[in-house]
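Trainee: The structure is given below, and queries will be raised subsequently.
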Amino acid sequence: MTASASVPVLADRLDLRLVAVDMDGTLLDEHGQVPEGLWPMLDRLRERGILFAPASGRQYATLRREFGAHGDDMVFIAENGTYVVQHDEEISSDVLAPPVVADVLAAARALTVDAGVVLCGKRSAYIERTDAAFRAEADRYYAELAPVSDLGAVDDDIIKIAVFVFGNAETEVAPELERFRSSLQVVVSGEHWVDVMSTGINKGEALGRLQTALGVTAAQTVVFGDYLNDLEMMDAAEHSYAMANAHPEVAARARHRAPSNRDHGVIRVLEQLLDR
């Protein structure tokens, strides 16, 4: 792996078919906004027949809203890979069994830190905690968000349980959910978020399923990421990029480095790749 932003030296033009991109800390700028330079880049990718796939812990409805009409030409790897959708049609999903949901909810409710739970279903996300501070954080990631009196009574296919903490998720929440690691995925997906999902599912696994469905190889795939929930995605593409602001584990796993999200690193690397 190189120590700075790089583009592989290729004898021939890169046969690129699929671009999978994390959102927060990767594609989005320091204000959490899509850089204006992405829109013409999406047009270039479409003209070349290259599929663009946002890969995020965010909800499908939230991702779909973020990209507007451009989303018609995309595939969305939502909820950390548990829900993959193209043209509003499900490609794959991983649903948690109701007893599992009940066990994780009980553990999350027992946390002694300042935290809240988001129950993530296919139709919507659900919350019990509704104070303004927590609601503001949840609203950032869930366009479809319904307050309910009892998360345990929600009637939906549950694909993920997300725990938000106002402190540090890696040190304050993840250890308290450690006992679920033998049967579930417990992933620190951001500084303040921990996601609990079906075992074996992650962005990389979902990307692999998508590659199979599309007939796309790892050599035809480029990925970008910055945080721990992007680790497996680095293994699913020959052209893997960790952002300059990436977690050290992600930087160690990726083959290349990209400029930071503040410097619009995704767009800059894609411009170099497409110009080869």
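Trainee: Taking 7 Å along the Cα-to-C-beta vector as the label spot, tell me the residue 97-residue 113 distance in nanometres, rounded to one decimal.
Mentor: 2.9 nm
Trainee: State the percent of C-alpha pairs, over all pairs in the range 1-153, separated by a distance greater than 23 angstrom.
Mentor: Taking all Cα-Cα pairs of the range 1-153, the fraction more than 23 Å apart is 48 percent.
Trainee: Now, a different point. Under a Cβ-Cβ cut-off of 11 Å, what is the net charge of the residues other than residue 112 that fall near it, where Lys and Arg count +1 and Asp and Glu count -1?
Mentor: -2
Trainee: Compute the convex hull volume of the Cα atoms of the range 120-215, divide it by the residue count, and report the result per residue in Å³ as a whole number.
Mentor: In the range 120-215, the Cα convex hull volume per residue is 124 Å³.
Trainee: Semi-axes of the equivalent ellipsoid of the chain: what are they in whole Å, largest first, if each equals the square root of 5 times a C-alpha gyration tensor eigenvalue?
Mentor: For the chain, the semi-axes come out at 31, 19, 17 Å.
Trainee: Then there's this: Can you order the peptides 14-20, 28-34, 137-143, 93-99 by their average number of other Cβ atoms within 10 Å per residue, highest first?
Mentor: 14-20, 137-143, 93-99, 28-34
Trainee: Okay, next question. Rounded to the nearest 0.05, what FRET efficiency do residue 131 and residue 252 give with R0 = 51 Å and r taken as the Cβ-Cβ distance? Could you check?
Mentor: 0.85
Trainee: Here's another thing I want to ask about it. Under 14 Å from the Cβ of residue 240, count the other residues' Cβ atoms, weight Lys and Arg +1, Asp and Glu -1, and hand me the total.
Mentor: Computed value for this residue: -3.
Trainee: Find out how many positive minus negative residues lie around residue 159, taking Lys and Arg as positive, Asp and Glu as negative, among other residues whose Cβ is under 11 Å from that of residue 159.
Mentor: So the environment of residue 159 carries a net charge of -3.
Trainee: Right, something else. Based on the mean of other Cβ atoms within 10 Å per residue, sort peptides 167-174, 241-248 so the most packed one is first.
Mentor: The packing order, highest mean first, is 241-248, 167-174.
Trainee: Here is a follow-up. Dipole of the chain (Lys/Arg Cβ +1, Asp/Glu Cβ -1, origin at the Cα centre): which of 242, 62, 152 lies farthest to the positive side?
Mentor: Among 242, 62, 152, the one farthest towards the positive end of the dipole of the chain is 242.
Trainee: Ok, one more. Using unit Cβ charges (K, R positive; D, E negative) and no other charged atoms, how large, in debye to the nearest 20, is the dipole of the chain about its Cα centre?
Mentor: Charge dipole of the chain: 540 debye, to the nearest 20.
Trainee: Rounded to a whole number, what % of the accessible area of the chain do carbon and sulfur atoms account for, probe 1.4 Å?
Mentor: Carbon with sulfur: 46 percent of the solvent-accessible area.
Trainee: May I ask you to order 261-271, 220-230 by the average number of other C-beta atoms within 10 Å around their residues, highest value first?
Mentor: By packing density, highest mean first, the sequence is 220-230, 261-271.
Trainee: Same structure again: Show that you can apply the helix-only estimate: for the chain, add -39,500 (n - 2.57) for every DSSP H stretch of four or more residues, divide by all residues, and state [θ] at 222 nm to the nearest 500.
Mentor: Computed mean residue ellipticity for the chain: -7500 deg cm²/dmol.
Trainee: Distance between the C-alpha centers of the range 254-274 and the range 132-155? Whole Å please.
Mentor: If we compute the Cα centre of each part, the gap is 34 Å.
Trainee: Can I ask one more? Extending each Cα 7 Å along its Cβ direction at residue 274 and residue 47, get the distance between those two points in nm, one decimal.
Mentor: Each label point lies 7 Å from its Cα, and together they span 0.8 nm.
Trainee: Still on this structure, please answer the following. Please work out the average accessible area per residue across the chain, using the 1.4 Å probe convention, and give it in Å².
Mentor: Per-residue value: 42 Å².
Trainee: Hey, another quick one. Distance in nm between label sites at residue 139 and residue 212, each 7 Å beyond Cα in the beta-carbon direction?
Mentor: Label-label distance for residue 139 and residue 212, simple model: 4.1 nm.
Trainee: Measuring from centroid to centroid over Cα atoms, what is the spacing of the range 208-222 and the range 86-107 in Å?
Mentor: Measuring centre to centre over Cα atoms gives 24 Å.
The values are calculated or read from the model by the stated rules, or taken from the named source; none is laboratory data. All values derive from a computational prediction rather than experimental measurement. Virtual Cβ from ideal backbone geometry, glycine too; neighbours counted across all protein chains shown. Side chains are part of the model used for accessible areas, which takes the heavy atoms of the whole protein and leaves out ligands, DNA and RNA. Shrake-Rupley method; radii C 1.70, N 1.55, O 1.52, S 1.80 Å.
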